[in-house]
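What follows is a single structure, written as structure tokens, with notes after it.
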Amino acid sequence: MFRTVTLCFVIGMVLAGCQSEKNKSQEIDSLMSPAAAPEASAETAKSETSAEQAEDLTLPTTATKADERGDLQLFLNEEQPADENNLVDVTSVWLKNKQTGKVRRLFVTNPDAELQWERMTDGAVEVPIGQIAAAEKALFVPGHDHLILVEGCPDARNIWTYTVDIDQMKAKQFPSTEGLISFEDNGQRVHLGSYNYDTEKGRYSIEETYTIDGKKISSKKIDEE
């Protein structure tokens, strides 16, 4: 009789333990299930709200107009002046729609942007929007409402040139060192200056032609020093 009671007690404890583990498993499953989605949805809504608010920003009074096309204007604003650590100003680039009055801050330059020269062997390369080193000049690319060209000299030697898709917020850096010369074919091609060295005559300038997407077309010497 005693053995039977003891056995029943043990079986009861085992069953209770199994039920407890089952309850824990159900709690974990409920946390991992789609029922937890409302929290993620709230974060998504928060991000969408922030994006909408970004278009309601006020243009800084210190911003200077860099270019204009139709109802759209580009502005540059000094966020932090150059110092002993950074050879170029930290600059924000702004887009304003004159008709609607809406303003967008497109990006802020990063003087510590990673060097891309070794990657740019065949033409322009895509870079994160947070890896644009300088913006001392900004202008709309002819024939392309979604593209702007940005240039700056962050190393006191080379002019770094970028195109920025302001719709998709993607950027490309071109392997040029002396900046924009001109556009051609309604912005389908861009001519950029660079320099090279001759062992006897020293430094000389070259003109490089690219498609606006960044593919190199040609290169020619334009003068010697």
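The condition (being in a strand (DSSP E or B), out of contact with any helix residue (DSSP H, G or I) (no Cβ under 6 Å at 6 or more places or on another chain) and within 19 Å of D165 (Cβ to Cβ)) is satisfied by just one residue among Q73, Q116: Q73.
Regarding N110, is this residue within 27 Å of N158 (Cα to Cα), over 21 Å from the mean Cα position of the chain (by Cα) and part of a loop (DSSP other than H, G, I, E, B)? If you could, list the steps in order and put the result at the bottom.
Details: within 27 Å of N158 (Cα to Cα): yes; over 21 Å from the mean Cα position of the chain (by Cα): no; part of a loop (DSSP other than H, G, I, E, B): yes.
Criteria not met by N110.
Can we say S194 is within 21 Å of D122 (Cβ to Cβ), in contact with a Ser or Thr (Cβ under 6 Å, 6 or more places away or on another chain) and not in a strand (DSSP E or B)? Taking the combined requirement at face value, the residue does not satisfy it.
I'd like the full set of residues that are open to solvent by less than 40 Å² (accessible area, probe 1.4 Å) and more than 22 Å from R119 (Cβ to Cβ), limited to segment 193-206. Scanning segment 193-206 gives G202, Y204, S205. Being among the β-branched types (V, I, T), over 30 Å from Q80 (Cα atoms) and surrounded by 16 or more Cβ atoms within 10 Å (Cβ to Cβ) is a property that holds for I212. Of all residue pairs spaced 6 or more apart or on separate chains, those with beta-carbon atoms under 6 Å, a first member in segment 154-175 that is within 12 Å of Q116 (Cβ to Cβ) and among the aliphatic types (A, V, I, L, M) and a second member that is assigned to a strand (DSSP E or B) and at pLDDT 95 or above are A171/V127; A171/Y162; A171/V164. Only residues that are of a type in the set (A, V, I, L, M), within 15 Å of P128 (Cβ to Cβ) and open to solvent by less than 20 Å² (accessible area, probe 1.4 Å) were counted across segment 94-111, and they come to 1. A residue that is among the hydrophobic types (A, V, I, L, M, F, W, C), crowded, with 19+ Cβ neighbours inside 10 Å and within 17 Å of K216 (Cα to Cα) occurs nowhere in segment 112-121.
Quick one: what pairs do we get from segment 76-90, first residue within 17 Å of V150 (Cα to Cα) and in a loop (DSSP other than H, G, I, E, B), second of a type in the set (V, I, T) and open to solvent by less than 50 Å² (accessible area, probe 1.4 Å), C-beta under 9 Å, 6+ apart or different chains? Final answer for the pair search is V88/T109; D89/T109. Could you tell me whether G130 is of a type outside the set (F, W, Y) and more than 15 Å from the chain's Cα centre (by Cα)? Taking the combined requirement at face value, the residue does not satisfy it. Taken over segment 133-153, the criterion of being under 14 Å from the mean Cα position of the chain (by Cα) and free of Cβ contacts under 8 Å to residues at least 60 places away in the same chain is satisfied by A133, A134, A135, L149, V150.
Looking only at residues in segment 160-180 that are among the charged types (D, E, K, R) and in a strand (DSSP E or B), the one that is surrounded by the fewest Cβ atoms within 10 Å (Cβ to Cβ) is K170.
The values are calculated or read from the model by the stated rules, or taken from the named source; none is laboratory data. As the structure is a prediction and not an experimental result, all values here were calculated from the model. Cβ sites come from the backbone with ideal geometry, for glycine too, and all protein chains shown count toward neighbours. In case anyone asks, the SASA skips ligands and DNA or RNA and just uses the protein heavy atoms, side chains included. Shrake-Rupley method; radii C 1.70, N 1.55, O 1.52, S 1.80 Å.
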